[in-house]
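Q: Below you will find the structure I want to go over with you.
The values are calculated or read from the model by the stated rules, or taken from the named source; none is laboratory data. A quick note: this is a predicted structure, and the numbers were derived from the prediction, not measured. Using ideal geometry, Cβ is built from the backbone for each residue, glycine included, and neighbour counts are taken over all protein chains shown. Ligands, DNA and RNA are excluded from the accessible area calculation, which covers all protein heavy atoms including side chains. Shrake-Rupley method; radii C 1.70, N 1.55, O 1.52, S 1.80 Å.
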Amino acid sequence: VIDPACGSGHMLTYAFDLLYAIYEEEGYAPAEIPALILLNNLYGIEIDPRAGALAAFALTMKARAKQRTFFNKQIEPNVCVLDPIHFTPDEIDFLLTAGGDKHAEVAFWNQFEHADTIGSLIRPDPELTVRLKQHIAQLDDGGDILLADVLDWASRVIEQAEYLEATYHVVVMNPPYMGSSNMADDLASFIQNESPDAKADLFASFIERGQSLAKNGGLLAMIAKQNWLFRPAFSFLRGKLLRANQLEQVAHFGPGAFDSLS
């Protein structure tokens, strides 16, 4: 289960309770279940460090509430706060492979430059992730602390890419909402290039992204503005979604569903 815009972890903590019940029904020992859930079943991605820290803390406390000695296991929840990472040309030269596609590799290493704005909409190349992970494992900093730092950041790029290139059985989220007129230039340009059918609002881009994060036959569940169901600006998005997926349920909450709505 992944929440690619997890905030402080409300959906992940609810999923923890559901998964705990499933493990119990399958006969697992109660002492084993919290660690199994955090290691294997729950993933979160966030761009705000404070929110990501709260999500990880909330999941840890969920596990501690179920198992008194959980802290002794020193298990970290799979919550990834995306770091904005940029390499200089000299640093890129150090990371490049011999005979590789330089343009593609430069784009890969700097794909998280605006991660604090673009977040989970970034779509890493799985083949490059595997190949470059093997490559940097063979690089030697030669005792140079600056090169050691470059390798540390390169490893962080690989880690973030692995979260975002994987596919999951369940994708669940309450994504951010933002009209195109309010988007920063970097975000607006990225969405225009990567998901033009969903450019009218940020939440619509997450509808597209959620589909790519779900395994074939997986489930995507999300809260969205109702206007994507009828606005002409989302007609191509609706068509693509209906052609490629089966809608199980569409619930219209109506007025008063959230305190912030009139």
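Q: Just give me the residues in region 236-262 being over 17 Å from residue 214 (Cα atoms) and open to solvent by 80 Å² or more (accessible area, probe 1.4 Å), in sequence order.
A: 236, 250, 252, 253, 255, 258, 259, 260, 261, 262
Q: Inside region 236-262, can you point out the residues that are more than 24 Å from residue 45 (Cβ to Cβ) and part of a helix (DSSP H, G or I)?
A: 236, 238, 239, 242, 243
Q: Would you call residue 172 outside any helix (DSSP H, G or I) and closer than 21 Å to residue 81 by Cβ?
A: Yes, satisfied.
Q: Go through 188, 233, 204 for me and flag whichever is surrounded by 14 or more Cβ atoms within 10 Å (Cβ to Cβ), without any contact (Cβ under 8 Å) to a residue 24 or more places away in the chain, in a helix (DSSP H, G or I) and touching a Lys or Arg at 6+ places or on another chain (Cβ under 9 Å).
A: Testing whether each residue is surrounded by 14 or more Cβ atoms within 10 Å (Cβ to Cβ), without any contact (Cβ under 8 Å) to a residue 24 or more places away in the chain, in a helix (DSSP H, G or I) and touching a Lys or Arg at 6+ places or on another chain (Cβ under 9 Å) leaves just 188.
Q: In region 77-101, how many residues are of a type in the set (A, V, I, L, M), without any contact (Cβ under 8 Å) to a residue 40 or more places away in the chain and either in contact with an Asp or Glu (Cβ under 6 Å, 6 or more places away or on another chain) or assigned to a helix (DSSP H, G or I) (or both)?
A: The total comes to 3.
Q: Please enumerate the residues belonging to region 15-31 that are loosely packed, with under 13 Cβ neighbours inside 10 Å and within 14 Å of residue 61 (Cβ to Cβ).
A: 17
Q: Confirm whether residue 60 is in a helix (DSSP H, G or I), hydroxyl-bearing (Ser, Thr, Tyr) and touching a Leu at 6+ places or on another chain (Cβ under 7 Å).
A: Against the criterion (in a helix (DSSP H, G or I), hydroxyl-bearing (Ser, Thr, Tyr) and touching a Leu at 6+ places or on another chain (Cβ under 7 Å)), residue 60 does not qualify.
Q: If you take the residues in region 207-228 that are in a helix (DSSP H, G or I) and not aliphatic (A, V, I, L, M), which one is surrounded by the fewest Cβ atoms within 10 Å (Cβ to Cβ)?
A: Step by step, filter region 207-228, then rank; the result is 226.
Q: I'd like to verify a number: residues in region 237-262 that are farther than 25 Å from residue 168 by Cα and not charged (D, E, K, R), how many?
A: 10
Q: Among the listed residues 163, 177, identify the single one that is under 20 Å from the mean Cα position of the chain (by Cα), assigned to a loop (DSSP other than H, G, I, E, B) and of a type in the set (Ser, Thr, Tyr).
A: It is 177.
Q: Quick check on my filter: what residues within region 108-161 are open to solvent by 30 Å² or more (accessible area, probe 1.4 Å), under 20 Å from residue 212 (Cα atoms) and of a type outside the set (Val, Ile, Thr)?
A: 111, 123, 125, 126, 127, 159, listed by residue number.
Q: Which of (1) assigned to a helix (DSSP H, G or I); (2) under 26 Å from the mean Cα position of the chain (by Cα) does residue 112 not meet, given it meets every other one?
A: (1) is the only condition that residue 112 fails.
Q: Would a scan of region 31-39 turn up a residue that is assigned to a helix (DSSP H, G or I) and in contact with a strand residue (DSSP E or B) (Cβ under 9 Å, 6 or more places away or on another chain)?
A: Within region 31-39, one or more residues are assigned to a helix (DSSP H, G or I) and in contact with a strand residue (DSSP E or B) (Cβ under 9 Å, 6 or more places away or on another chain).
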